[in-house]
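Enquirer: Dropping the structure in here first, questions after.
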Amino acid sequence: MSRKPLIAGNWKMHLTIAESVELARLVATASEQLDDREVMIAPAYTALDAVAKTLKESNVHVGSQNVAYETEGAFTGEISPLMLKDIGVTMPIIGHSERRQLFNESDALINKRVTAALKNDLIPVFCIGETIEEREAGNTFSVLESQLKNGLAGINKEQAAGIVIAYEPVWAIGTGKTASTEQAQETHAFIRSSLSEMFDTSAAESIRILYGGSVKPDNVDALMAQNDIDGALVGGAALKAESFGRIVNFQ
Ligand code: 13P
């Protein structure tokens, strides 16, 4: 089993172009010596091109926070996978809980975005996660299974092997509440076993499953020590070079 850890920063709707370029430079420096792990940052669309240029000679991947399901046409407000590739994006985040909850993105829409990303040789960072109500009702696993099945419908096992999954419990996002390492590991193991049923063991073993939700310098080491946690999708702590630099340098 050789899953290379991936630490990804989701900058959400933050930072000017100048601030983004400066932070990207610092992230590149913090990641310079790291070859046993990968680092990605996903800036806002306005800063994407400038950040991609800044990171060109670095080993940091550039992500986007979404991707259109068509390559061209009358889709006001959407950004095509070809346009993203054109500026050097390799990893679009798809199905983030903020897209699902605030913008009503459905499993079916998310599935179209994942499919288009794969078709255009982009690596989807496909997000799933339960709300606090779903967890308290004992429905965490059934919710995750349905998000996986619907979001990855029509994807074959060769394609699946190349995707990244981000498990982000909605109740842990931006709240300072992290899932305990045991809770996170248990859920990641469940996700991997579902993937194994949906595709096969070899695909499931190669898929990286990131944890997201209040990842910070003081909890990253314990999370990354878990067998089925292959990386982190970081929000708030990715906006400061000091904290993100420490997170990418997890022990
Ligand atoms: P926080 O790290 O701020 O909780 O955000 C997590 C997240 O949503 C990353 O996509």
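Enquirer: List, please: which pairs have Cβ atoms under 7 Å, are six or more places apart or on different chains, and start with a residue in region 139-167 that is modelled with pLDDT of 95 or more and assigned to a helix (DSSP H, G or I) and end with one that is surrounded by 14 or more Cβ atoms within 10 Å (Cβ to Cβ) and of a type in the set (Asp, Glu)?
Expert: Correct list of pairs: Thr140/Glu130; Thr140/Glu134; Val143/Glu130; Val143/Glu134; Leu144/Glu130; Gln147/Asp107; Asn150/Asp107; Gly151/Asp107.
Enquirer: Hey, can you tell me all the residues within region 91-111 that are more than 16 Å from the ligand (Cβ to nearest atom) and crowded, with 16+ Cβ neighbours inside 10 Å? Break it down into steps so the answer makes sense when it comes.
Expert: Filtering region 91-111 for residues more than 16 Å from the ligand (Cβ to nearest atom) gives 104, 106-109, 111.
Within region 91-111, Asp107, Leu109, Asn111 meet the criteria.
Enquirer: Shifting gears a bit: Go through (1) among the acidic types (Asp, Glu); (2) part of a helix (DSSP H, G or I); (3) closer than 21 Å to Ser31 by Cα for Glu197 and report which single condition fails.
Expert: That leaves (3) as the condition not met.
Enquirer: A follow-up question, please. If I filter region 196-229 down to residues being of a type in the set (Ser, Thr, Tyr) and surrounded by fewer than 20 Cβ atoms within 10 Å (Cβ to Cβ), which single residue comes out as nearest to the ligand (Cβ to nearest atom)?
Expert: Ser206
Enquirer: Which one is farthest from Asp228 (Cα to Cα), of the residues in region 152-169 that are within 16 Å of the ligand (Cβ to nearest atom) and not hydrophobic (A, V, I, L, M, F, W, C)?
Expert: Out of the qualifying residues, it is Pro169.
Enquirer: Is there a residue being more than 16 Å from the ligand (Cβ to nearest atom) and within 20 Å of Arg113 (Cα to Cα) anywhere in region 241-249?
Expert: No, region 241-249 contains no residue that is more than 16 Å from the ligand (Cβ to nearest atom) and within 20 Å of Arg113 (Cα to Cα).
Enquirer: Something else now. Of everything in region 107-139, what is more than 15 Å from Gly151 (Cβ to Cβ) and among the acidic types (Asp, Glu)? Give them in sequence order.
Expert: Asp121, Glu133, Glu134, Glu136
Enquirer: Which ones in region 168-184 are out of contact with any Ser or Thr (no Cβ under 6 Å at 6 or more places or on another chain), within 19 Å of Asp218 (Cβ to Cβ), among the hydrophobic types (A, V, I, L, M, F, W, C) and part of a helix (DSSP H, G or I)?
Expert: Matches in region 168-184: Ala184 only.
Enquirer: Taking region 157-209 as the region of interest, how many residues are in contact with a Phe, Trp or Tyr (Cβ under 6 Å, 6 or more places away or on another chain) and over 24 Å from Gln65 (Cβ atoms)?
Expert: 2
Enquirer: Residues Ala232, Ala172: which one is within 11 Å of the ligand (Cβ to nearest atom) and modelled with pLDDT under 95? Working first, answer last.
Expert: Values: Ala232 fails: modelled with pLDDT under 95.
On inspection, the qualifying residue turns out to be Ala172.
Enquirer: Could you count how many residues in region 60-76 are crowded, with 20+ Cβ neighbours inside 10 Å and hydrophobic (A, V, I, L, M, F, W, C)?
Expert: 4
Enquirer: How many of the residues making up region 112-138 are outside any helix (DSSP H, G or I), aliphatic (A, V, I, L, M) and surrounded by 17 or more Cβ atoms within 10 Å (Cβ to Cβ)? Before you say what the answer is, go through the steps one by one.
Expert: Step one: filter region 112-138 for residues outside any helix (DSSP H, G or I), giving 120-131, 137-138.
Next, only the ones that are aliphatic (A, V, I, L, M) stay: 122-123, 125, 128, 137.
With the extra rule that they be surrounded by 17 or more Cβ atoms within 10 Å (Cβ to Cβ), the set shrinks to 122-123, 125, 128.
Selection size over region 112-138: 4.
The values are calculated or read from the model by the stated rules, or taken from the named source; none is laboratory data. Please read these numbers as outputs of a predicted model, since none were measured by experiment. Because the Cβ atoms are built from the backbone with ideal geometry, glycine has one as well, and the counts that use them run over all protein chains shown.
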